[in-house]
1. In region 184-207, what count of residues is obtained for those that are open to solvent by 50 Å² or more (accessible area, probe 1.4 Å) and either assigned to a helix (DSSP H, G or I) or modelled with pLDDT under 90 (or both)?
2. Residue under question is Glu224, and the condition is that it be assigned to a helix (DSSP H, G or I), at pLDDT below 90 and either of a type outside the set (S, T, N, Q) or in contact with a Gly (Cβ under 7 Å, 6 or more places away or on another chain) (or both); does it hold?
3. Kindly evaluate Arg130 against the criterion of being modelled with pLDDT under 95 and basic (Lys, Arg).
4. Residues to consider are Glu135, Glu131, Glu181; find the one that is open to solvent by 40 Å² or more (accessible area, probe 1.4 Å) and more than 23 Å from Asp56 (Cα to Cα).
5. Out of the residues in region 51-75 meeting the condition of being under 11 Å from the mean Cα position of the chain (by Cα) and farther than 23 Å from Ile162 by Cβ, tell me which one is surrounded by the most Cβ atoms within 10 Å (Cβ to Cβ).
6. Give region 241-273 a look and list any residue that's closer than 24 Å to Ile190 by Cα, open to solvent by 10 Å² or more (accessible area, probe 1.4 Å) and within 22 Å of the chain's Cα centre (by Cα), or say none.
7. Against the definition (modelled with pLDDT under 90 and among the hydroxyl-bearing types (Ser, Thr, Tyr)), how does Tyr34 come out, yes or no?
8. Do we have any residue at all in region 114-122 that's among the hydroxyl-bearing types (Ser, Thr, Tyr), open to solvent by 30 Å² or more (accessible area, probe 1.4 Å) and at pLDDT 95 or above?
Amino acid sequence: MDAARRERRAHGTQGFPFQIYSAPQAQDSDLVPYHWHPETEIIIVLHGTVGVTIADRQYAGQEGDVFFASSGQLHEIRGGVDNRFRAFVFPMDFLQFRRADLAQSELLAPLEEGTLRLPAYVPHGTPVGRELFRELKKMIRVCADQPLGYQLLVKSSLLYLIGQLAGAGLLETRPQRTGEEYKVQLLRRIVEYLGEHCTERLRLADVAAQFGLSPQYFCSFFKENLGRTLVQHINFLRIERASRLLRETDLTILEISLSVGFDNVSYFIKRFRAVYGCTPTDYRRSVGSRR
């Protein structure tokens, strides 16, 4: 996935638009920078501590915690080498009924339209959190085994999750606030621009000018909504790309440092260690041992 932009890959297939993604394995990074897509995403923490940001809220997810990123919401996942999670991605219209009933008119249709929203965070320490985690783990097993009719089992599980959330009073009414849509669109544009240009030499004044903002306003808007400075975000994107190159290529550490935008290899190693807790060389060795 290209970092920090709308995710354009297909999730699942035309006949079964549902996909479970695992990390840290294979092609996708265990650091997933800010991105968004029209599908709903459910994230569960299987081991360790996983950082999850949804919109402008940051969480330190523990084992068993469940997160929901609704359609169009910017979100980010920071797993790390020993911290595992699963992400379930599907379009909300996947659950619509051919014949309308109260479940569709009162729950499913409002969820698809965005006037009703899934909660961002359900901790494992609550009864409903434990039930959600149990059901999601069952879905992982079903999708791995793929018995006859497993697609129906997945759909029934997703409907069950929504029913549990509704019964616990956790579905959120989304009020329409003046300026909210403008802010969301601006954030998406900024995130996409930085994802495309993060390996280049970027100056605050130039980035702010791209969006018709003063550097001062851009800084405060960015920090307030993304929870980090522009420099911190650019470094994070560069480290995510570097981790991918460490897994997928034989480029030297110096070559990777230069290709992702770090002119100073010592600074690159320092920033990499701050995110992963190890040097790039140790990261490449640990990932290679898991293959």
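The values are calculated or read from the model by the stated rules, or taken from the named source; none is laboratory data. A quick note: this is a predicted structure, and the numbers were derived from the prediction, not measured. Backbone-built Cβ (ideal geometry, glycine too); neighbour counts: all protein chains shown. Remember, those area values only see protein heavy atoms, side chains included, never the ligands or the DNA or RNA. Shrake-Rupley method; radii C 1.70, N 1.55, O 1.52, S 1.80 Å.
1. Final tally of qualifying residues: 6.
2. Values: assigned to a helix (DSSP H, G or I): yes; at pLDDT below 90: yes; either of a type outside the set (S, T, N, Q) or in contact with a Gly (Cβ under 7 Å, 6 or more places away or on another chain) (or both): yes.
Yes, satisfied.
3. Details: modelled with pLDDT under 95: no; basic (Lys, Arg): yes.
It is false that Arg130 is modelled with pLDDT under 95 and basic (Lys, Arg).
4. None of the other options fit; the residue is Glu131.
5. Thr53
6. Selection gives Arg241, Arg244, Arg271.
7. Numbers: modelled with pLDDT under 90: yes; among the hydroxyl-bearing types (Ser, Thr, Tyr): yes.
Taking the combined requirement at face value, the residue satisfies it.
8. In the first step, residues of region 114-122 are kept if they are among the hydroxyl-bearing types (Ser, Thr, Tyr); the result is 115, 121.
Those still in the list that are open to solvent by 30 Å² or more (accessible area, probe 1.4 Å) too: 115, 121.
After this cut, where a residue has to be at pLDDT 95 or above as well, the list is 121.
Yes, region 114-122 contains at least one residue that is among the hydroxyl-bearing types (Ser, Thr, Tyr), open to solvent by 30 Å² or more (accessible area, probe 1.4 Å) and at pLDDT 95 or above.
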